[in-house]
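The values are calculated or read from the model by the stated rules, or taken from the named source; none is laboratory data. The structure displayed is predicted, hence computed values, not measured ones. Cβ coordinates were reconstructed from backbone atoms using ideal geometry, including for glycine residues, and neighbour counts include every protein chain displayed. Please note that ligands, DNA and RNA were not included when accessible areas were found on the heavy atoms of the full protein model with its side chains. Shrake-Rupley method; radii C 1.70, N 1.55, O 1.52, S 1.80 Å.
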Amino acid sequence: QLQASGGGLVQAGGSLRLSCAASGSTFTSYIMGWFRQAPEKEREFLAAISWSGGSTRYADSVKGRFTISRDNAKKTSYLQMNSLKAEDTAVYFCAASRTSWSEFGSWGQGTLVTVSS
């Protein structure tokens, strides 16, 4: 199970850090990812990180502003979001994948991020 948290209301230009806490003993073997879905838009991939943390991937829309990380001892992944814009307003989801960078089979419940302009 995945539990996302850390969303809230922030002004444009501000920062937030989202957390995704995982249960289970196999967290360290999963690729972790972050996605978001804005109203009336499709779900969008944001970032992913390998089990070791040694490899990361980002969508162009967030590259340079968002940073994904993980702490395997705490079974938690993070998404640090800086320089937030109004268009970053969305529900943010974390997800896990055993083998693929593009197919995530386990999902958290989502946390709402609202950026006021």
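Could you pull out the residue among Ser52, Ser100 that is open to solvent by less than 50 Å² (accessible area, probe 1.4 Å) and over 16 Å from Gly6 (Cα atoms)? Full working, then the answer.
Details: Ser52 fails: open to solvent by less than 50 Å² (accessible area, probe 1.4 Å).
Answer to the selection: Ser100.
Quick check: anything in region 104-116 exposed (fewer than 13 other Cβ atoms within 10 Å of the Cβ), touching a helix residue (DSSP H, G or I) at 6+ places or on another chain (Cβ under 8 Å) and assigned to a strand (DSSP E or B)?
Yes: region 104-116 contains one or more residues that are exposed (fewer than 13 other Cβ atoms within 10 Å of the Cβ), touching a helix residue (DSSP H, G or I) at 6+ places or on another chain (Cβ under 8 Å) and assigned to a strand (DSSP E or B).
Find the residue count for region 63-96, including only residues that are under 13 Å from the mean Cα position of the chain (by Cα) and small (Gly, Ala, Ser).
Qualifying residue count, region 63-96: 5.
Based on this model, can you work out whether Ser69 counts as surrounded by fewer than 22 Cβ atoms within 10 Å (Cβ to Cβ), part of a loop (DSSP other than H, G, I, E, B) and free of Cβ contacts under 8 Å to residues at least 40 places away in the same chain? Don't jump to the end; show me each part of the working.
Numbers: surrounded by fewer than 22 Cβ atoms within 10 Å (Cβ to Cβ): yes; part of a loop (DSSP other than H, G, I, E, B): no; free of Cβ contacts under 8 Å to residues at least 40 places away in the same chain: yes.
So Ser69 does not fit the description; no.
Taking into account only those residues within region 72-94 that are small (Gly, Ala, Ser) and part of a loop (DSSP other than H, G, I, E, B), which is most open to solvent (accessible area, probe 1.4 Å)?
Filtering first and then ranking leaves Ala73.
Kindly indicate which of Ala22, Ala47 is at pLDDT below 95 and surrounded by 17 or more Cβ atoms within 10 Å (Cβ to Cβ).
Ala22
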